[in-house]
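The block underneath contains the structure these notes are about, expressed in C-alpha coordinates.
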(Lines give C-alpha, C1' and ligand atoms only; values in the text may rest on other atoms or scores of the structure.)
Protein backbone atom coordinates (compact mmCIF):
# COMPACT_ATOMS: atom_id res chain seq x y z
CA UNK A 1 0.00 0.00 0.00
CA UNK A 2 2.84 2.36 0.88
CA UNK A 3 4.54 1.77 -2.49
CA UNK A 4 1.29 2.45 -4.34
CA UNK A 5 0.78 5.74 -2.48
CA UNK A 6 4.28 6.85 -3.43
CA UNK A 7 3.64 6.05 -7.10
CA UNK A 8 0.38 8.01 -7.02
CA UNK A 9 2.15 10.98 -5.45
CA UNK A 10 4.93 10.88 -8.05
CA UNK A 11 2.49 10.77 -10.96
CA UNK A 12 0.37 13.54 -9.47
CA UNK A 13 3.48 15.66 -8.95
CA UNK A 14 4.66 15.07 -12.52
CA UNK A 15 1.27 16.10 -13.87
CA UNK A 16 1.14 19.26 -11.77
CA UNK A 17 4.68 20.22 -12.81
CA UNK A 18 3.76 19.81 -16.49
CA UNK A 19 0.62 21.90 -16.00
CA UNK A 20 2.53 24.66 -14.18
CA UNK A 21 5.22 24.78 -16.88
CA UNK A 22 2.62 25.14 -19.63
CA UNK A 23 0.87 28.01 -17.85
CA UNK A 24 4.03 29.83 -16.78
CA UNK A 25 5.63 29.76 -20.24
CA UNK A 26 2.53 31.42 -21.69
CA UNK A 27 3.33 34.62 -19.78
CA UNK A 28 6.97 35.48 -20.38
CA UNK A 29 8.58 38.41 -18.67
CA UNK A 30 9.53 41.34 -20.90
CA UNK A 31 12.94 42.72 -19.93
CA UNK A 32 14.71 45.57 -21.71
CA UNK A 33 16.53 44.59 -24.91
CA UNK A 34 20.26 44.12 -24.80
CA UNK A 35 22.26 47.20 -25.66
CA UNK A 36 24.11 47.42 -28.97
CA UNK A 37 25.62 50.06 -31.25
CA UNK A 38 23.86 52.25 -33.84
CA UNK A 39 20.42 51.96 -32.28
CA UNK A 40 17.49 54.36 -32.39
CA UNK A 41 15.42 55.49 -29.40
CA UNK A 42 13.59 52.14 -29.38
CA UNK A 43 16.83 50.19 -29.37
CA UNK A 44 16.51 49.19 -33.03
CA UNK A 45 19.28 49.39 -35.69
CA UNK A 46 19.39 52.70 -37.55
CA UNK A 47 18.68 52.24 -41.28
CA UNK A 48 20.40 54.20 -44.06
CA UNK A 49 18.83 57.37 -45.45
CA UNK A 50 16.79 56.79 -48.60
CA UNK A 51 15.75 58.75 -51.66
CA UNK A 52 12.57 56.69 -52.06
CA UNK A 53 9.50 58.09 -50.33
CA UNK A 54 7.86 54.69 -49.70
CA UNK A 55 9.93 51.69 -48.71
CA UNK A 56 9.90 48.38 -46.90
CA UNK A 57 12.43 45.59 -46.28
CA UNK A 58 11.18 42.18 -45.12
CA UNK A 59 12.54 38.70 -44.58
CA UNK A 60 11.00 36.48 -47.25
CA UNK A 61 10.95 33.43 -44.99
CA UNK A 62 9.94 34.76 -41.57
CA UNK A 63 7.82 37.73 -42.65
CA UNK A 64 9.82 39.97 -40.30
CA UNK A 65 9.66 43.68 -41.17
CA UNK A 66 13.22 44.95 -40.91
CA UNK A 67 12.44 48.47 -42.11
CA UNK A 68 9.49 50.49 -43.32
CA UNK A 69 8.96 54.07 -44.43
CA UNK A 70 5.44 55.20 -45.34
CA UNK A 71 4.90 51.54 -46.25
CA UNK A 72 1.13 51.60 -45.67
CA UNK A 73 0.59 54.69 -47.86
CA UNK A 74 -1.28 54.28 -51.15
CA UNK A 75 1.05 54.30 -54.18
CA UNK A 76 0.96 53.56 -57.89
CA UNK A 77 3.08 50.46 -58.55
CA UNK A 78 3.59 50.96 -62.32
CA UNK A 79 5.23 47.93 -64.00
CA UNK A 80 6.05 46.20 -60.72
CA UNK A 81 2.43 45.08 -61.19
CA UNK A 82 3.80 42.59 -63.71
CA UNK A 83 5.28 40.35 -61.03
CA UNK A 84 1.74 39.28 -60.10
CA UNK A 85 0.82 38.92 -63.79
CA UNK A 86 3.87 36.70 -64.23
CA UNK A 87 3.12 34.64 -61.12
CA UNK A 88 -0.44 33.87 -62.20
CA UNK A 89 0.79 32.82 -65.65
CA UNK A 90 3.47 30.58 -64.08
CA UNK A 91 0.87 28.94 -61.86
CA UNK A 92 -1.87 28.45 -64.43
CA UNK A 93 -0.19 27.99 -67.83
CA UNK A 94 2.23 25.49 -69.35
CA UNK A 95 5.48 27.06 -70.50
CA UNK A 96 5.35 25.28 -73.84
CA UNK A 97 1.84 26.44 -74.73
CA UNK A 98 1.50 28.72 -77.76
CA UNK A 99 -0.16 32.10 -77.34
CA UNK A 100 -1.46 34.11 -80.28
CA UNK A 101 -1.63 37.88 -79.94
CA UNK A 102 -5.12 39.29 -80.30
CA UNK A 103 -5.74 42.65 -81.88
CA UNK A 104 -6.54 44.07 -78.45
CA UNK A 105 -3.22 42.85 -77.02
CA UNK A 106 -1.12 43.99 -79.97
CA UNK A 107 -2.76 47.43 -79.98
CA UNK A 108 -2.76 47.92 -76.21
CA UNK A 109 0.61 49.68 -76.32
CA UNK A 110 0.57 53.46 -75.96
CA UNK A 111 3.22 55.99 -76.89
CA UNK A 112 6.14 55.69 -74.49
CA UNK A 113 5.17 52.21 -73.24
CA UNK A 114 7.65 49.34 -73.07
CA UNK A 115 7.05 47.11 -76.10
CA UNK A 116 8.73 44.42 -78.18
CA UNK A 117 6.51 45.26 -81.14
CA UNK A 118 4.44 42.08 -81.39
CA UNK A 119 1.71 42.09 -84.03
CA UNK A 120 -1.84 40.74 -84.26
CA UNK A 121 -1.71 37.00 -84.94
CA UNK A 122 1.94 36.64 -83.94
CA UNK A 123 2.72 33.56 -81.91
CA UNK A 124 5.17 32.79 -79.09
CA UNK A 125 5.28 30.32 -76.22
CA UNK A 126 4.14 31.20 -72.71
CA UNK A 127 7.78 30.92 -71.63
CA UNK A 128 8.92 33.46 -74.25
CA UNK A 129 6.09 35.79 -73.28
CA UNK A 130 7.14 35.58 -69.61
CA UNK A 131 10.71 36.55 -70.49
CA UNK A 132 9.40 39.51 -72.47
CA UNK A 133 7.15 40.45 -69.56
CA UNK A 134 9.57 40.16 -66.63
CA UNK A 135 12.85 41.18 -68.29
CA UNK A 136 11.84 43.81 -70.85
CA UNK A 137 8.49 44.76 -69.27
CA UNK A 138 6.64 44.60 -72.62
CA UNK A 139 3.05 45.74 -72.10
CA UNK A 140 1.62 43.64 -74.93
CA UNK A 141 2.99 40.56 -73.19
CA UNK A 142 1.03 41.42 -70.04
CA UNK A 143 -2.19 41.88 -72.01
CA UNK A 144 -1.80 38.67 -74.02
CA UNK A 145 -0.81 36.53 -71.00
CA UNK A 146 -3.85 37.90 -69.18
CA UNK A 147 -6.15 36.93 -72.05
CA UNK A 148 -4.60 33.50 -72.44
CA UNK A 149 -4.67 32.71 -68.70
CA UNK A 150 -8.17 33.91 -67.84
CA UNK A 151 -9.97 34.30 -71.16
CA UNK A 152 -10.19 38.06 -70.95
CA UNK A 153 -8.35 40.98 -69.40
CA UNK A 154 -11.21 41.75 -67.01
CA UNK A 155 -11.36 38.15 -65.78
CA UNK A 156 -7.60 38.19 -65.23
CA UNK A 157 -7.82 41.42 -63.23
CA UNK A 158 -10.37 39.69 -61.02
CA UNK A 159 -7.82 36.90 -60.50
CA UNK A 160 -5.18 39.46 -59.58
CA UNK A 161 -7.38 41.13 -56.98
CA UNK A 162 -8.47 37.79 -55.51
CA UNK A 163 -4.87 36.64 -55.18
CA UNK A 164 -3.83 39.93 -53.59
CA UNK A 165 -6.58 39.60 -50.99
CA UNK A 166 -5.60 35.98 -50.33
CA UNK A 167 -2.05 36.94 -49.33
CA UNK A 168 -3.24 39.77 -47.07
CA UNK A 169 -2.78 42.69 -49.48
CA UNK A 170 -5.98 44.37 -48.32
CA UNK A 171 -5.03 47.91 -49.36
CA UNK A 172 -4.50 46.94 -53.00
CA UNK A 173 -6.67 47.11 -56.09
CA UNK A 174 -5.59 46.35 -59.65
CA UNK A 175 -7.28 47.65 -62.79
CA UNK A 176 -5.00 46.17 -65.47
CA UNK A 177 -2.25 43.58 -65.94
CA UNK A 178 0.63 45.88 -66.87
CA UNK A 179 0.60 48.71 -64.33
CA UNK A 180 -0.58 51.52 -66.60
CA UNK A 181 -1.79 54.47 -64.55
CA UNK A 182 -5.36 54.26 -63.37
CA UNK A 183 -6.73 56.01 -60.31
CA UNK A 184 -8.19 52.66 -59.29
CA UNK A 185 -4.89 50.80 -59.74
CA UNK A 186 -2.96 51.14 -56.50
CA UNK A 187 -1.18 49.30 -53.70
CA UNK A 188 1.18 49.95 -50.79
CA UNK A 189 4.81 49.03 -50.30
CA UNK A 190 3.72 46.63 -47.55
CA UNK A 191 1.11 44.94 -49.73
CA UNK A 192 3.52 44.63 -52.64
CA UNK A 193 6.03 42.95 -50.33
CA UNK A 194 3.39 40.33 -49.45
CA UNK A 195 2.74 39.74 -53.15
CA UNK A 196 6.47 39.55 -53.85
CA UNK A 197 6.87 36.85 -51.17
CA UNK A 198 4.57 34.63 -53.22
CA UNK A 199 6.35 35.44 -56.49
CA UNK A 200 9.81 34.70 -55.15
CA UNK A 201 8.62 31.33 -53.79
CA UNK A 202 7.87 30.14 -57.32
CA UNK A 203 10.92 28.44 -58.90
CA UNK A 204 9.76 29.04 -62.49
CA UNK A 205 9.21 32.72 -61.78
CA UNK A 206 12.62 33.01 -60.13
CA UNK A 207 14.45 31.24 -62.93
CA UNK A 208 13.04 33.66 -65.49
CA UNK A 209 13.22 36.79 -63.35
CA UNK A 210 16.95 36.49 -62.55
CA UNK A 211 18.00 36.00 -66.19
CA UNK A 212 20.07 38.97 -67.40
CA UNK A 213 19.76 38.46 -71.19
CA UNK A 214 17.28 36.73 -73.49
CA UNK A 215 16.44 36.29 -77.16
CA UNK A 216 13.11 35.58 -78.85
CA UNK A 217 13.86 34.11 -82.26
CA UNK A 218 11.93 34.47 -85.53
CA UNK A 219 8.17 33.94 -85.33
CA UNK A 220 5.34 33.32 -87.80
CA UNK A 221 5.22 37.09 -88.44
CA UNK A 222 8.87 38.14 -88.56
CA UNK A 223 12.37 36.84 -89.31
CA UNK A 224 13.79 39.22 -86.72
CA UNK A 225 15.38 38.00 -83.50
CA UNK A 226 14.41 40.19 -80.56
CA UNK A 227 17.31 40.58 -78.10
CA UNK A 228 17.01 42.32 -74.74
CA UNK A 229 18.58 42.72 -71.30
CA UNK A 230 16.85 42.57 -67.94
CA UNK A 231 15.89 46.07 -66.78
CA UNK A 232 16.62 45.12 -63.20
CA UNK A 233 20.07 46.71 -63.12
CA UNK A 234 20.73 45.42 -59.61
CA UNK A 235 21.36 41.90 -60.93
CA UNK A 236 25.03 40.78 -60.80
CA UNK A 237 26.91 41.85 -63.92
CA UNK A 238 24.60 44.75 -64.79
CA UNK A 239 25.25 48.46 -64.29
CA UNK A 240 24.18 48.63 -60.61
CA UNK A 241 25.11 45.01 -59.99
CA UNK A 242 24.76 43.70 -56.43
CA UNK A 243 26.36 40.32 -55.79
CA UNK A 244 23.44 38.94 -53.74
CA UNK A 245 20.52 40.14 -55.89
CA UNK A 246 18.38 37.22 -57.08
CA UNK A 247 15.57 38.97 -58.95
CA UNK A 248 13.30 41.97 -59.19
CA UNK A 249 11.17 44.25 -61.34
CA UNK A 250 11.31 47.94 -62.19
CA UNK A 251 8.53 50.36 -63.08
CA UNK A 252 7.74 53.97 -63.83
CA UNK A 253 4.59 56.06 -64.06
CA UNK A 254 4.36 59.85 -64.07
CA UNK A 255 1.93 59.88 -61.17
CA UNK A 256 4.07 57.61 -58.97
CA UNK A 257 7.67 58.01 -60.06
CA UNK A 258 10.17 55.18 -60.37
CA UNK A 259 9.34 51.96 -58.57
CA UNK A 260 11.22 48.78 -57.71
CA UNK A 261 10.69 45.34 -56.17
CA UNK A 262 13.73 43.17 -55.58
CA UNK A 263 15.07 40.13 -53.77
CA UNK A 264 18.50 39.17 -52.45
CA UNK A 265 19.95 36.19 -50.60
CA UNK A 266 23.05 35.88 -48.42
CA UNK A 267 24.08 33.19 -45.93
CA UNK A 268 20.64 31.60 -45.92
CA UNK A 269 18.74 34.85 -45.37
CA UNK A 270 16.37 35.98 -48.15
CA UNK A 271 15.26 39.61 -48.15
CA UNK A 272 12.66 41.48 -50.23
CA UNK A 273 12.67 45.22 -50.82
CA UNK A 274 9.90 47.43 -52.25
CA UNK A 275 10.57 51.07 -53.20
CA UNK A 276 7.97 53.51 -54.52
CA UNK A 277 8.14 57.21 -55.47
CA UNK A 278 11.84 56.96 -56.14
CA UNK A 279 14.23 58.01 -58.93
CA UNK A 280 15.72 56.01 -61.80
CA UNK A 281 19.08 55.41 -60.11
CA UNK A 282 18.02 56.15 -56.53
CA UNK A 283 15.84 53.02 -56.35
CA UNK A 284 18.86 50.79 -57.08
CA UNK A 285 21.06 52.67 -54.62
CA UNK A 286 18.36 52.46 -51.94
CA UNK A 287 17.81 48.76 -52.58
CA UNK A 288 21.49 47.92 -52.26
CA UNK A 289 21.83 50.06 -49.14
CA UNK A 290 18.87 48.36 -47.46
CA UNK A 291 19.99 44.87 -48.44
CA UNK A 292 23.52 45.51 -47.14
CA UNK A 293 22.16 46.97 -43.89
CA UNK A 294 19.66 44.12 -43.44
CA UNK A 295 22.22 41.38 -43.90
CA UNK A 296 24.69 43.01 -41.50
CA UNK A 297 22.32 44.17 -38.75
CA UNK A 298 19.95 41.20 -38.50
CA UNK A 299 20.22 37.48 -37.90
CA UNK A 300 18.00 34.43 -37.57
CA UNK A 301 17.08 33.06 -34.14
CA UNK A 302 15.40 29.64 -33.72
CA UNK A 303 11.96 29.69 -32.13
CA UNK A 304 13.16 27.11 -29.64
CA UNK A 305 15.32 29.86 -28.06
CA UNK A 306 12.29 32.08 -27.40
CA UNK A 307 10.71 31.47 -24.02
CA UNK A 308 7.12 32.07 -25.14
CA UNK A 309 7.50 29.71 -28.11
CA UNK A 310 9.89 27.02 -26.86
CA UNK A 311 7.27 24.54 -25.65
CA UNK A 312 5.47 24.66 -28.99
CA UNK A 313 8.46 23.84 -31.21
CA UNK A 314 8.40 20.08 -30.71
CA UNK A 315 6.40 17.14 -29.43
CA UNK A 316 8.68 15.70 -26.75
CA UNK A 317 7.57 17.97 -23.90
CA UNK A 318 3.84 17.31 -24.15
CA UNK A 319 4.21 13.68 -25.14
CA UNK A 320 6.36 12.96 -22.12
CA UNK A 321 3.93 14.84 -19.90
CA UNK A 322 0.97 12.88 -21.15
CA UNK A 323 2.87 9.57 -21.50
CA UNK A 324 0.98 9.04 -24.74
CA UNK A 325 0.59 10.33 -28.29
CA UNK A 326 -1.31 13.44 -27.33
CA UNK A 327 -0.54 15.05 -30.67
CA UNK A 328 2.01 17.69 -31.57
CA UNK A 329 2.53 21.42 -31.48
CA UNK A 330 4.40 23.16 -34.23
CA UNK A 331 5.01 26.44 -36.08
CA UNK A 332 5.04 26.80 -39.85
CA UNK A 333 8.38 28.61 -39.54
CA UNK A 334 11.36 27.67 -37.40
CA UNK A 335 12.98 31.01 -36.67
CA UNK A 336 12.54 34.78 -36.43
CA UNK A 337 14.63 37.65 -37.80
CA UNK A 338 15.85 40.13 -35.21
CA UNK A 339 18.75 42.54 -34.70
CA UNK A 340 22.07 40.88 -33.91
CA UNK A 341 22.54 40.69 -30.16
CA UNK A 342 18.82 40.76 -29.34
CA UNK A 343 17.82 39.64 -25.86
CA UNK A 344 15.29 37.00 -26.85
CA UNK A 345 13.47 37.42 -23.55
CA UNK A 346 12.21 40.68 -25.04
CA UNK A 347 10.42 38.87 -27.88
CA UNK A 348 6.70 38.41 -27.31
CA UNK A 349 4.15 36.31 -29.14
CA UNK A 350 0.60 37.35 -29.97
CA UNK A 351 -2.20 36.26 -32.23
CA UNK A 352 -3.54 38.27 -35.17
CA UNK A 353 -6.80 36.37 -35.42
CA UNK A 354 -8.89 33.47 -34.26
CA UNK A 355 -7.90 29.84 -34.46
CA UNK A 356 -9.32 27.56 -37.13
CA UNK A 357 -10.54 24.04 -36.40
CA UNK A 358 -10.22 21.17 -38.84
CA UNK A 359 -12.68 18.50 -37.69
CA UNK A 360 -11.19 18.91 -34.19
CA UNK A 361 -8.06 17.12 -35.39
CA UNK A 362 -6.03 20.25 -36.13
CA UNK A 363 -6.10 23.72 -34.61
CA UNK A 364 -4.31 26.63 -36.32
CA UNK A 365 -3.76 30.14 -35.05
CA UNK A 366 -1.81 32.92 -36.85
CA UNK A 367 1.01 34.29 -34.69
CA UNK A 368 3.13 37.43 -34.74
CA UNK A 369 6.44 37.72 -32.93
CA UNK A 370 7.19 41.25 -31.73
CA UNK A 371 10.26 43.05 -30.43
CA UNK A 372 8.78 46.21 -28.97
CA UNK A 373 6.79 47.73 -31.84
CA UNK A 374 8.69 45.80 -34.51
CA UNK A 375 7.49 42.62 -36.23
CA UNK A 376 10.35 40.10 -36.16
CA UNK A 377 8.43 37.13 -37.50
CA UNK A 378 5.07 35.70 -38.49
CA UNK A 379 3.93 32.09 -38.37
CA UNK A 380 1.02 29.77 -37.71
CA UNK A 381 0.81 27.69 -34.55
CA UNK A 382 -0.75 24.30 -35.16
CA UNK A 383 -1.94 21.58 -32.82
CA UNK A 384 -2.28 18.28 -34.61
CA UNK A 385 -4.14 15.74 -32.51
CA UNK A 386 -2.35 12.41 -32.70
CA UNK A 387 -4.64 9.51 -33.53
CA UNK A 388 -4.00 6.60 -31.17
CA UNK A 389 -5.88 3.50 -30.13
CA UNK A 390 -7.21 5.37 -27.09
CA UNK A 391 -8.28 8.33 -29.23
CA UNK A 392 -8.41 11.98 -28.24
CA UNK A 393 -11.76 13.54 -27.39
CA UNK A 394 -11.85 17.31 -27.06
CA UNK A 395 -14.52 18.82 -24.79
CA UNK A 396 -17.71 20.12 -26.40
CA UNK A 397 -17.43 23.48 -24.65
CA UNK A 398 -13.93 24.41 -25.91
CA UNK A 399 -13.86 28.23 -25.92
CA UNK A 400 -14.23 30.18 -29.13
CA UNK A 401 -11.23 32.20 -30.27
CA UNK A 402 -12.56 35.62 -31.14
CA UNK A 403 -11.27 38.04 -28.56
CA UNK A 404 -9.22 41.17 -29.06
CA UNK A 405 -5.48 40.58 -29.13
CA UNK A 406 -3.50 42.01 -26.26
CA UNK A 407 -0.82 44.61 -26.87
CA UNK A 408 2.27 42.65 -27.94
CA UNK A 409 4.68 44.59 -25.74
CA UNK A 410 2.91 43.82 -22.44
CA UNK A 411 2.96 40.83 -20.11
CA UNK A 412 0.54 38.07 -21.12
CA UNK A 413 0.50 38.80 -24.84
CA UNK A 414 -1.37 35.58 -25.59
CA UNK A 415 -5.01 35.84 -26.61
CA UNK A 416 -7.58 33.07 -26.36
CA UNK A 417 -6.81 31.72 -29.84
CA UNK A 418 -3.33 30.84 -28.64
CA UNK A 419 -4.81 29.31 -25.51
CA UNK A 420 -6.79 26.81 -27.57
CA UNK A 421 -3.92 24.33 -28.03
CA UNK A 422 -2.86 24.87 -24.41
CA UNK A 423 -6.40 24.22 -23.15
CA UNK A 424 -6.67 21.15 -25.36
CA UNK A 425 -3.36 19.79 -24.06
CA UNK A 426 -4.21 20.50 -20.41
CA UNK A 427 -7.65 18.96 -20.81
CA UNK A 428 -6.08 15.87 -22.31
CA UNK A 429 -3.61 15.64 -19.43
CA UNK A 430 -6.45 15.96 -16.94
CA UNK A 431 -8.42 13.33 -18.82
CA UNK A 432 -5.46 10.90 -18.80
CA UNK A 433 -4.72 11.56 -15.14
CA UNK A 434 -8.35 11.03 -14.08
CA UNK A 435 -8.56 7.85 -16.10
CA UNK A 436 -5.37 6.52 -14.52
CA UNK A 437 -6.60 7.51 -11.03
CA UNK A 438 -9.88 5.71 -11.65
CA UNK A 439 -8.02 2.57 -12.70
CA UNK A 440 -5.80 2.77 -9.63
CA UNK A 441 -8.85 3.15 -7.40
CA UNK A 442 -10.47 0.12 -9.01
CA UNK A 443 -7.29 -1.90 -8.49
CA UNK A 444 -7.13 -0.85 -4.83
CA UNK A 445 -10.75 -1.89 -4.35
CA UNK A 446 -10.05 -5.23 -6.02
CA UNK A 447 -7.00 -5.81 -3.79
CA UNK A 448 -8.94 -4.90 -0.64
CA UNK A 449 -11.81 -7.18 -1.65
CA UNK A 450 -9.35 -10.00 -2.42
CA UNK A 451 -7.73 -9.63 1.00
CA UNK A 452 -11.11 -9.69 2.70
CA UNK A 453 -12.03 -12.89 0.88
CA UNK A 454 -8.75 -14.48 1.87
CA UNK A 455 -9.31 -13.50 5.51
CA UNK A 456 -12.85 -15.01 5.45
CA UNK A 457 -11.55 -18.17 3.82
CA UNK A 458 -8.80 -18.35 6.42
CA UNK A 459 -11.32 -18.08 9.32
CA UNK A 460 -13.52 -20.80 7.84
CA UNK A 461 -10.51 -23.09 7.50
CA UNK A 462 -9.63 -22.58 11.16
CA UNK A 463 -13.17 -23.31 12.24
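Here residue 110 clears all of (1) farther than 18 Å from residue 252 by Cβ; (2) at pLDDT below 95 except the condition numbered (1). Picking from residues in region 233-249 that are free of Cβ contacts under 8 Å to residues at least 40 places away in the same chain and crowded, with 16+ Cβ neighbours inside 10 Å, the one that is nearest to the chain's Cα centre (by Cα) is 248.
For first residues located in region 209-220 and outside the structural domain of residue 119 (by TED's automatic domain parsing), partners that are modelled with pLDDT of 95 or more and crowded, with 18+ Cβ neighbours inside 10 Å and lie 6+ apart or on another chain with Cβ distances below 8 Å do not occur. Can you find a residue that is in contact with a strand residue (DSSP E or B) (Cβ under 7 Å, 6 or more places away or on another chain), farther than 21 Å from residue 217 by Cα and in the same structural domain as residue 153 (by TED's automatic domain parsing) anywhere in region 82-89? Within region 82-89 (the criterion being in contact with a strand residue (DSSP E or B) (Cβ under 7 Å, 6 or more places away or on another chain), farther than 21 Å from residue 217 by Cα and in the same structural domain as residue 153 (by TED's automatic domain parsing)), the answer is yes, since at least one residue qualifies. Residue 263 fulfils the conditions (1) more than 19 Å from residue 65 (Cα to Cα); (2) in contact (Cβ under 8 Å) with a residue 24 or more places away in the chain except for a single criterion, (1). Mind checking which pairs have a first residue in region 144-161 that is assigned by TED's automatic domain parsing to the domain that holds residue 124 and free of Cβ contacts under 8 Å to residues at least 24 places away in the same chain and a second that is part of a loop (DSSP other than H, G, I, E, B) and buried (at least 19 other Cβ atoms within 10 Å of the Cβ), Cβ under 8 Å, 6 or more apart or different chains? Here the result reads 157/174; 157/176; 157/177; 161/172; 161/174, each pair linking region 144-161 to a residue that is part of a loop (DSSP other than H, G, I, E, B) and buried (at least 19 other Cβ atoms within 10 Å of the Cβ).
For residue 330, the stated conditions do not hold, so it cannot be described as modelled with pLDDT of 70 or more and out of contact with any helix residue (DSSP H, G or I) (no Cβ under 8 Å at 6 or more places or on another chain).
If the condition is being surrounded by 18 or more Cβ atoms within 10 Å (Cβ to Cβ) and closer than 28 Å to residue 116 by Cβ, then region 187-203 contributes 187, 192, 195, 196, 198, 199, 200. Scoring residue 281 on the criteria (1) farther than 29 Å from residue 336 by Cβ; (2) in contact with a helix residue (DSSP H, G or I) (Cβ under 9 Å, 6 or more places away or on another chain) leaves a single failure, condition (2). Do any residues in region 26-50 that are on the phi > 0 side of the Ramachandran plot have Cβ atoms under 9 Å from those of residues that are crowded, with 18+ Cβ neighbours inside 10 Å and modelled with pLDDT of 75 or more, where the two are at least six apart or on different chains, and which pairs are they? What qualifies is 38/45; 38/297; 43/339; 43/346; 43/371. For region 206-245, a residue qualifies if it is within 27 Å of residue 119 (Cβ to Cβ) and in a helix (DSSP H, G or I), and the qualifying residues are 208, 209.
The values are calculated or read from the model by the stated rules, or taken from the named source; none is laboratory data. Just so you know, these numbers come straight off a predicted model, no measurement behind them. Cβ: placed from backbone, ideal geometry, glycine included. Neighbour counts: every protein chain shown.
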